[in-house]
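Following: one structure in structure tokens, then a few remarks.
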């Protein structure tokens, strides 16, 4: 904006009220004919006060709507973040506490008396029984060996009649929040004693600390 525009815009309120001299009015009129910016300012000044108030009143609802939409977007974003957090936490609880929702390390090597499929069948029985330990998470179980398994045949026969015995060592974690006699989120190492009659199904006879 040049100096002439500054002068004219200072004079516009007086010019709009016909309060300038004839020469000044002619100067302003000539300037307005060639200056769009000053014409727009003159139009604004000449606009009736009621019309300006009406324009402001019309803008108020738009501002209210805009403010409401902004709040709504913020609320949606917060709800989406909370939903993501809840789903993530629920998934964490399921996959971290469900007994068999993850890979289990299973070591059945080193047996001269049991084929792999026989030990695997005993392992399946162990995992099925482990599912009753609600909230615990099984990490691994390992075949304890032929000698230990043979030595404990007499032990499991104190609880029934069995022709064969398999012993596993296990590592698992107690429930995240404890309860039911469990310490919260603690690693346990248990021994599992399984038995069967010849040709029968393996069953868990005893389990716990050796």
*Go through the stretch 139-157 and give me each residue that's in a strand (DSSP E or B) and at pLDDT 90 or above.*
142, 143
*Could you please tell me which pairs satisfy a Cβ distance under 7 Å, a separation of 6+ or placement on different chains, a first residue in the stretch 115-136 that is without any contact (Cβ under 8 Å) to a residue 40 or more places away in the chain, and a second residue that is loosely packed, with under 15 Cβ neighbours inside 10 Å and outside any helix (DSSP H, G or I)?*
127/100; 131/100
*Give the residues of the stretch 172-187 that are buried (at least 16 other Cβ atoms within 10 Å of the Cβ) and out of contact with any helix residue (DSSP H, G or I) (no Cβ under 8 Å at 6 or more places or on another chain), sorted by residue number.*
173, 174, 182
_Flag for residue 172 being in contact (Cβ under 8 Å) with a residue 40 or more places away in the chain, in the same structural domain as residue 119 (by TED's automatic domain parsing), touching a strand residue (DSSP E or B) at 6+ places or on another chain (Cβ under 7 Å) and closer than 20 Å to residue 147 by Cβ_ = no
_Among the residues of the stretch 107-138, what is the count of those that are within 30 Å of residue 184 (Cβ to Cβ) and either out of contact with any strand residue (DSSP E or B) (no Cβ under 6 Å at 6 or more places or on another chain) or part of a helix (DSSP H, G or I) (or both)?_
13
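The values are calculated or read from the model by the stated rules, or taken from the named source; none is laboratory data. Computed from a prediction, not measured in an experiment: that's the story for all the values here. Because the Cβ atoms are built from the backbone with ideal geometry, glycine has one as well, and the counts that use them run over all protein chains shown.
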